[in-house]
């Protein structure tokens, strides 16, 4: 039962971060974001929600697996750091509409996710592998952020 409680906490933390980012995103996605020049390879807006839902769930399971294996301290600090950068990107890009600073944040986020994967690998290889889709998507989002910054 304790393990199920740990998973529940992990899901609440990750989905809580998603909710904060979602609030900032909702404030701009219908007007400001639509008015930005965006590259032709920008995914449809309807794709972002489902992709992030899967990624936040994978993140929660990953963190829970590490926690369950005793990976507290440094592994959880690394996870918290990348999660904070994730939330701050939404705040910078959508909340404050600062595309340039958001680009710097998302590059730091990508590096933080990579560090988290490397740290998690020593505790749970499955947990580390669960973060690979997140790393890939954030890499794509960084390229998109860069293109939007250049075009605007």
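Consider region 137-152 and keep the residues that are more than 15 Å from the chain's Cα centre (by Cα) and assigned to a helix (DSSP H, G or I). The one that is surrounded by the most Cβ atoms within 10 Å (Cβ to Cβ) is 148.
Just give me the residues in region 111-121 being touching a residue at least 40 places away in the same chain (Cβ under 8 Å) and either surrounded by fewer than 20 Cβ atoms within 10 Å (Cβ to Cβ) or not in a helix (DSSP H, G or I) (or both), in sequence order. The answer is 119, and nothing else. Scanning region 122-134 for residues that are surrounded by 17 or more Cβ atoms within 10 Å (Cβ to Cβ) and assigned to a helix (DSSP H, G or I) turns up 127, 128, 130, 134. Answer with yes or no whether residue 22 is surrounded by 12 or more Cβ atoms within 10 Å (Cβ to Cβ), out of contact with any strand residue (DSSP E or B) (no Cβ under 9 Å at 6 or more places or on another chain) and either closer than 18 Å to residue 106 by Cβ or free of Cβ contacts under 8 Å to residues at least 12 places away in the same chain (or both). Against the criterion (surrounded by 12 or more Cβ atoms within 10 Å (Cβ to Cβ), out of contact with any strand residue (DSSP E or B) (no Cβ under 9 Å at 6 or more places or on another chain) and either closer than 18 Å to residue 106 by Cβ or free of Cβ contacts under 8 Å to residues at least 12 places away in the same chain (or both)), residue 22 qualifies. Residue 41: surrounded by fewer than 12 Cβ atoms within 10 Å (Cβ to Cβ), at pLDDT 95 or above and either more than 19 Å from the chain's Cα centre (by Cα) or more than 21 Å from residue 107 (Cα to Cα) (or both), yes or no? In short, yes.
Taken as a whole, the condition of being under 15 Å from the mean Cα position of the chain (by Cα), under 24 Å from residue 116 (Cβ atoms) and surrounded by 12 or more Cβ atoms within 10 Å (Cβ to Cβ) does not apply to residue 67.
For region 75-88, does any single residue satisfy the condition of being part of a helix (DSSP H, G or I) and at pLDDT below 95? No, the conditions are met nowhere in region 75-88. Only one of the listed residues (102, 78, 108) is more than 22 Å from residue 26 (Cα to Cα) and buried (at least 19 other Cβ atoms within 10 Å of the Cβ). That residue is 78.
The values are calculated or read from the model by the stated rules, or taken from the named source; none is laboratory data. Because the structure is a prediction, the values reported are computed rather than measured. Every residue, glycine among them, receives a Cβ derived from its backbone with ideal geometry; neighbour counts consider all protein chains shown.
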